[in-house]
Amino acid sequence: MTPKVARYLRDVAPATPCLVLDVDRVEENYRRLMAAMPLARVYYAVKANPAVPVLTRLVGLGSSFDAASLEEVEACLAAGARPEAISFGNTVKKESAIRAAYAAGVRMFAFDSEPELLKLARSAPGARVYCRILVGNDGAEWPLSRKFGCEVEMAKALMVQAGRLGLDPYGISFHVGSQQTRTAAYEAAIARVGMLFTDLREAGVNLRMVNLGGGYPVRYRSEVPAIDAIGDAIMGAMARAFGNALPELVIEPGRFIVGDAGIVSAEVVLVSRKAEDDPVRWVYLDIGRFGGLAETEGEAIKYAFRTPHDGDADGPVTIAGPTCDSTDTLYEKSNYRLPLALESGDRIELLSTGAYVTTYASQAFNGFRPLTEHYV
Ligand SMILES: *Cc1c(COP(=O)(O)O)cnc(C)c1O
């Protein structure tokens, strides 16, 4: 928690549940990432936190943006981003959205299939296009399975076709999964992209850009590799794959930019047991899976908690949200412990929750309103 967030919580004590996010920390994270990978251009993954103060600060820093929908494209433009600084990175787009983004001046688009490439040829003529390939997601705490990307052989054929269709075959992208804790995932993916560049050059297509996607991790309950170490591993892999003919490098950080800039402040609604002698207490909060904590699905992302009783004796707990859906249980198997003194009415903070929370909140499931947001 940054000093500014701590001060805001102390002085203002905003109603819970809410997110309090320090926009200066967003800037620090952006600068730390640039320092770790000075040759890369940052396209902030808007979905991680699309709040106006975040986008505006990043526009001011010269960031570019990775948008997944026409709405996100429009949010970037409204925050002052130039259309040339926006990549429409979703490989699954309505053709009407492609047309509207193109009309607004967006000239860079992702795809991973022939039907999507044909849409781009029709509705974004001449645009820079990059093909997303499937890569391993081992080591990612929030992996992406096979939903996006295609096999390398298909990517090769599609990039050749892109040129024939009058598009600009610009580069290759991948995404190693979010909260990626192993640098090997990037290294293996970069090696594959290097070979694909060579194959395509032999086929007469000279690509110019590698998009390394996101995945750069944030510290929750356990240590993660330092961003400098990740940057070194990535640049080492780039040198091995491309020698000194380095292509343009794009990165799409989301979580790393906003994650540790924000905290969720919540209230303990109830602490109870299922039997007198049950050692495990159930702790119900006023925020849960449907209030924005979607990444607790499968207990994938394990947030750290701060309570007014930290340091006192603790015991095992199951932590749940306030709604009447049993899937609104956050942590049952991840060995969480909270102070024995914790009781109804206590405030509790979920640390490093600046990413992937606010926009995941449901409108009013069980009548609970989405969390409020404070940017300080
Ligand atoms: C979600 C996403 C990102 C951001 O991922 P983080 O793990 O938050 O850095 C980047 N690129 C693409 C294509 C994404 O879908």
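The values are calculated or read from the model by the stated rules, or taken from the named source; none is laboratory data. Every value quoted in this text rests on a predicted model; they were computed, and no experiment measured them. We place every Cβ from the backbone using ideal geometry, glycine too, and count neighbours over all the protein chains shown.
Here is how the numbers come out for the structure above:
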| item | result |
| --- | --- |
| Residue in region 200-207 that is within 16 Å of the ligand (Cβ to nearest atom) and charged (D, E, K, R) present | no |
| Strands (runs of 3 or more DSSP E) contained entirely in region 113-206, each with at least 3 residues that are over 23 Å from Ala97 (Cα atoms) | 140-142, 178-180 |
| Selected residue [of a type outside the set (Gly, Ala, Ser), more than 30 Å from Pro115 (Cα to Cα) and crowded, with 20+ Cβ neighbours inside 10 Å] from Val218, Val224 | Val218 |
| Region 72-99 residues that are touching a residue at least 60 places away in the same chain (Cβ under 8 Å) and within 14 Å of the ligand (Cβ to nearest atom), paired with ones that are assigned to a loop (DSSP other than H, G, I, E, B) and not hydroxyl-bearing (Ser, Thr, Tyr) (beta carbon under 7 Å, 6 or more apart) | Gly89/Ala68; Gly89/Glu252 |
| Arg132 vs. criteria within 16 Å of the ligand (Cβ to nearest atom) and of a type in the set (D, E, K, R) | yes |
| Of all residues making up region 190-224, the number that are closer than 28 Å to Gly354 by Cα and over 17 Å from the mean Cα position of the chain (by Cα) | 4 |
| Filter result (touching a Leu at 6+ places or on another chain (Cβ under 8 Å) and either over 20 Å from Asp66 (Cα atoms) or modelled with pLDDT under 95 (or both)) within region 208-226 | Tyr220 |
| Residue that is farthest from the chain's Cα centre (by Cα) [pool: residues in region 288-314 that are more than 16 Å from Ala266 (Cβ to Cβ) and small (Gly, Ala, Ser)] | Ala313 |
| Close pairs from region 239-260: first more than 16 Å from the ligand (Cβ to nearest atom), partner in a loop (DSSP other than H, G, I, E, B) and not polar (S, T, N, Q), Cβ under 8 Å, at least 6 apart | Ala239/Leu246; Leu246/Leu39; Pro247/Leu207; Pro247/Arg208; Glu248/Arg208 |
| In region 257-282, residue surrounded by the most Cβ atoms within 10 Å (Cβ to Cβ) [restricted to those that are within 32 Å of the chain's Cα centre (by Cα) and acidic (Asp, Glu)] | Asp260 |
| Qualifying residues in region 1-23 (those that are surrounded by 15 or more Cβ atoms within 10 Å (Cβ to Cβ) and among the charged types (D, E, K, R)) - the one nearest to Val210 (Cα to Cα) | Asp22 |
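One line per residue, one yes/no per condition, for (1) at pLDDT 95 or above; (2) within 30 Å of Asp228 (Cα to Cα); (3) of a type in the set (Gly, Ala, Ser):
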| site | (1), (2), (3) |
| --- | --- |
| Arg122 | yes, no, no |
| Leu134 | yes, yes, no |
| Asn137 | no, yes, no |
| Ser145 | no, yes, yes |
| Val160 | yes, no, no |
| Gly166 | yes, no, yes |
| Gln179 | yes, yes, no |
| Tyr186 | yes, yes, no |
